[in-house]
Amino acid sequence: MSQIAFLHPWLLLGLIGITLPLIIHLIGKKKAPILDFAAFDFLLSVNKRLARREKLRQFLLLLLRCLAILCLTFALARPVPQEALVHSGDSQQRLIIVLDTSPSMSYTHKGDSLLEQGKEQALELLSHLQPGDLVAFLESGRATEASLDSDFSQIKQQIRQAEIRQEGNLNSTIEQALYLLDETGKDAMIAVIGDLSKNSLELLPQISVKPAPKISLIDAANRNQLRALPNIALTGFTIEPSATSDLERKFLLEVQNYGSAAINQCKVTLFIDDELTQQSFVDLEGEQSTTLTFTHYFKNPGIFRGSLKLNESCDTGFPIDNELRFFVHIYKPLNVLAINGDQRNVPIEDELFFVEKAIAAIPIGDPAINLRVTDHEDHSLINHDLEKFDVVMIANVDSLPAPFIRKLEKYFQGGGGVFFSMGEKIQFETFNATFKNMLPHPIRDLYKIDASDHKEPLQIQGTADAHPIFAQMDDAAIISLKAAKTQGHFHTEIGSIQNIRALLSFDNEAPALIQGKHTHAGRTLLLTTSIDLDLSDLALRTVFPVLIQKCLRYLGKAMETSVPPQIRIDETVQMHLPTESSGIALVAPSGERLEKKFSSAAQEAVLISNLQEIGHYESEQYVGEWRKAANYNIAVNPSLSESNFNPINPNQILEELGTEQNTLGMELGAHDFKD
């Protein structure tokens with residue numbers, strides 16, 4: 001039979017309180033002075049049995065009072081079997097409490113969050129310690145220089161102040177706990193308090209300390225059996241063009257039921273600029289997913305803020321993943337003025353023949369490109385109102401009337417786009433002099449492979465994959481681009497090229513497509529070879545329509561950027577900024593700013609990461625000053641790593657940690673684990 005010991009033996013001093021009822025009883029028994037009074041003679045005949053019964057009642061009342069004080073004292077002193085004490089003998093015990101503070105701990109279960117329930121369990125653990133024991137408290141995701149301490153009051157304060165942290169990482173916190181043990185787990189226990197989901201306990205560190213400490217896995221939800229907590233989440237999202245109109249978009253939303261119970265008639269609502277536009281209902285079996293399709297017609301081009309929301313009544317205790325935020329870009333049709341430098345009677349020989357065919361092949365759902373072609377010798381050229389055009393395309397032209405050039409320069413500096421393509425009609429000295437204020441970089445002589453040299457034609461080798469023109473090209477398009485054979489191209493002038501970006505390069509390292517860098521909002525591209533068949537067969541490649549359309553849309557600021565419509569809180573996004581920008585700022589819903597500036601003139605993109613606030617971020621770009629740049633707005637949604645509450649197998653976790661010692665907080669084991 002095990003011996004009884006007390007967790008708080010000093011509270012046994014309360015047994016002195018048993019004397020209090022005795023003192024009161026004895027005071028009550030003190031005899032009063034006796035005075036003879038004739039009337040009392042009539043009472044002497046009262047049955048003496050009543051007096052004996054009263055004495056018995058008084059004795060029992062005294063006994064109950066003493067027992068009440070005795071039981072209360074023993075309860076406060078906490079009698080336990082000797083072997084159940086946190087420590088035995090005179091050894092000093094060490095307890096490290098690891099509390100999961102990741103977003104999943106905000107799950108509401110039985111009327112309170114898992115975090116608050118976990119705090120109560122942590123405080124309960126402290127009550128089992130004795131003076132002289134050491135304890136440390138660690139929160140996942142909070143970098144602190146924790147140490148084992150005997151000041152329990154300070155630890156209690158830390159526990160009460162714990163809060164949800166977006167960057168919580170339970171595995172690294174367990175590793176920190178092992179580090180605190182200083183190479184020995186003797187008389188030590190690590191108590192891990194959390195939702196015990198598989199997502200929160202992955203890639204656990206191996207226990208290297210010998211002997212291994214006891215590991216206690218404590219379920220914050222206090223479940224009798226480990227089953228997945230029910231949760232429904234909006235997990236996947238894509239935007240697709242519509243075959244009906246370039247102003248219409250389809251939104252494909254994936255809904256996941258992580259729980260075991262089915263859901264019926266759960267409402268999902270689409271909001272555009274905070275206006276309710278469409279609703280749908282979903283029926284979903286347990287542990288299944290489905291895709292909902294929403295369609296919305298936009299009355300005008302623009303950049304719109306959107307969200308999809310799951311009705312609160314359909315979900316359980318984890319509303320964080322019930323809303324998915326996004327931005328949608330609806331661009332206007334593009335107007336292009338193309339100046340033909342080599343007009344031919346035979347259509348296929350005309351300089352712009354393949355360009356016209358490329359623009360006619362607009363994919364369904366993309367905004368139209370309206371092309372107006374004029375000859376470089378047309379006397380009415382000067383009369384064109386350039387403000388009506390988004391892009392001016394100059395194909396195989398080395399000179400234009402001076403009045404038109406002045407109009408073109410003003411148009412360019414005001415934010416217009418200019419596309420130059422080369423050809424055999426160009427004299428590079430004249431070309432440089434005519435367009436000197438708009439060129440990305442001056443050109444020089446034409447390099448052309450002579451058939452008698454038996455040299456292989458040039459091919460595209462380098463591509464700026466992160467640039468918006470190429471970022472969304474598929475592998476087939478890139479293969480087609482690199483398969484093009486080029487017989488000739490113009491060299492660029494020798495000298496500084498820090499103000500240009502080579503978006504495409506030939507295999508002889510000469511640039512094929514150049515983008516200029518300017519201090520104003522105008523954009524320019526220079527193709528160093530031809531867009532007909534005189535110098536290259538690029539126009540015959542399947543990629544040519546895609547390339548021309550994307551170049552024109554980029555120059556006209558009417559193209560989807562490389563920024564996705566939405567990202568998750570744990571993702572990194574690369575932003576390739578326009579040439580006029582030297583930095584970008586993202587403004588969070590709370591107003592907090594994240595600024596990124598280019599470290600050098602050669603830098604083309606910035607990596608954006610660690611966006612910890614959920615919501616719609618407005619963007620600004622730096623062009624001598626900060627200006628609004630809605631094209632780079634981005635929506636941040638919660639990480640899906642917190643949505644799945646499918647539990648771990650405690651025995652498997654202990655095996656991964658490399659220990660068989662276990663004092664599971666709920667006595668969980670393989671016998672009652674439900675997969």
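Only Cα pairs under 8 Å and 6+ residues apart enter the sum, and on that basis the relative contact order of the stretch 399-463 stands at 30 percent. Most tightly packed first, judged by the mean number of other beta-carbon atoms within 10 Å of their residues, the peptides 476-484, 342-350 read 476-484, 342-350. Pop the C-beta distance of Asn171 and Thr295 into the FRET formula with R0 = 41 Å and round what comes out to the nearest 0.05. Taking R0 as 41 Å, the efficiency between Asn171 and Thr295 is 0.45. Work out the P(r) tail for the stretch 321-403: percent of alpha carbon pairs separated by more than 19 Å, whole number. Taking all Cα-Cα pairs of the stretch 321-403, the fraction more than 19 Å apart is 50 percent. Taking 7 Å steps out from each Cα toward its Cβ at Ile23 and Leu594 produces label points 6.9 nm apart.
Taken along the Cα-to-beta-carbon direction at a fixed 7 Å, the label points for Gln574 and Ile348 span 3.9 nm. Among 408-415, 614-621, the peptide with the highest mean count of other Cβ atoms within 10 Å heads the list, and the full ranking is 614-621, 408-415. Structural descriptor for the stretch 318-457: relative contact order 23 percent, calculated from alpha carbon pairs under 8 angstrom and at least 6 residues apart.
Cα-based radius of gyration for the stretch 370-503, normalised by 2.2 N^0.38 Å, reads 1.20.
Counting only DSSP beta bridges whose two residues both lie in the chain, roughly 65 percent are antiparallel. Checking the cross-link filter: which lysines have an alpha carbon closer than 23 Å to that of Lys55, excluding same-chain neighbours under 8 positions apart? Straight-distance partners of Lys55: Lys29, Lys30, Lys31. For the chain, the share of accessible area belonging to carbon and sulfur comes to 52 percent (1.4 Å probe, ligands and nucleic acids excluded). Local charge for Thr290 was computed over the other residues whose Cβ lies under 15 Å away, with Lys and Arg +1 and Asp and Glu -1, and equals -3. Extension gain for the segment Ile478 to Glu163, taken as residue separation times 0.36 nm less the Cα-Cα distance, is 108.5 nm to one decimal. Shape call for the stretch 518-627 from the C-alpha gyration tensor, a ≥ b ≥ c root eigenvalues: rounded (a/c under 1.5), prolate (a/b greater than b/c) or oblate? Cα axes put the stretch 518-627 in the prolate bin. Using a simple spin-label model with pseudo-atoms 7 Å out from Cα toward Cβ, Trp626 and His128 lie 5.3 nm apart. Between the stretch 129-197 and the stretch 521-587, the alpha-carbon centres lie 50 Å apart.
Residue farthest toward the positive end of the dipole of the stretch 211-313, with Cβ of Lys/Arg at +1 and Asp/Glu at -1: which of His296, Pro230, Leu217? Checked the options; the winner is Leu217. Shape of the stretch 433-532 from the C-alpha gyration tensor: oblate (a/c of 1.5 or more and a/b not above b/c, with a ≥ b ≥ c the square roots of its eigenvalues).
In plain terms, the bigger the Kirkwood radius, the slower the diffusion; for the stretch 514-579, with that radius from Cα pairs, at 25 °C and 0.890 mPa s, Stokes-Einstein puts D at 170 µm²/s. Judged by the ratio a/c of the largest to the smallest principal axis of the C-alpha gyration tensor, the stretch 170-317 counts as prolate, that ratio being 1.5 or greater while a/b is larger than b/c. Contact order, relative form, for the chain: 12 percent (alpha carbon pairs under 8 Å, 6 or more residues apart, mean separation divided by residue count). Each Lys or Arg adds one and each Asp or Glu takes one away; over the other residues whose Cβ falls under 14 Å from the Cβ of Leu337, this sums to -3.
The distance from the alpha carbon centre of the stretch 248-327 to that of the stretch 399-423 is 47 Å, rounded to a whole number. Using R0 = 41 Å, the C-beta based FRET efficiency linking Thr277 and Leu386 works out to 0.60. A protection proxy built from the mean count of other Cβ atoms within 10 Å ranks the segments 320-332, 189-201, most packed first, as 189-201, 320-332. Can you work out the accessible area per residue across the chain, with the rest of the protein chains kept in place, probe 1.4 Å, in square angstrom? It amounts to 50 Å² per residue over the chain. For Lys309, a cut-off of 17 angstrom between C-alpha atoms picks up these aspartates and glutamates, skipping any fewer than 8 places away in its own chain: Glu254, Asp273, Asp274, Glu275, Asp283, Asp321, Glu323.
Basic side chains Lys and Arg get +1 at the Cβ, acidic Asp and Glu get -1 at the Cβ, and with that the dipole of the chain about its Cα centre reaches some 3420 debye. Applying 0.36 nm per residue to the separation of Asp445 and Lys267 and subtracting their alpha-carbon distance, the gain on full extension is 57.5 nm. Here, the chain yields an orientationally averaged convex hull projection of 50.5 nm² when only Cα atoms define the hull. Among the cysteines of the chain, those with no neighbouring cysteine Cβ under 4.7 Å are Cys66, Cys71, Cys551. Here the alpha carbons of the stretch 250-367 define both size measures, Rg and Dmax, at 22.8, 73 Å.
The values are calculated or read from the model by the stated rules, or taken from the named source; none is laboratory data. Because the structure is predicted, anything quoted here is derived from the model rather than measured. Because the Cβ atoms are built from the backbone with ideal geometry, glycine has one as well, and the counts that use them run over all protein chains shown. Each accessible area value is taken on the protein alone, full model and side chains, heavy atoms only, with ligands, DNA and RNA left out. Shrake-Rupley method; radii C 1.70, N 1.55, O 1.52, S 1.80 Å.
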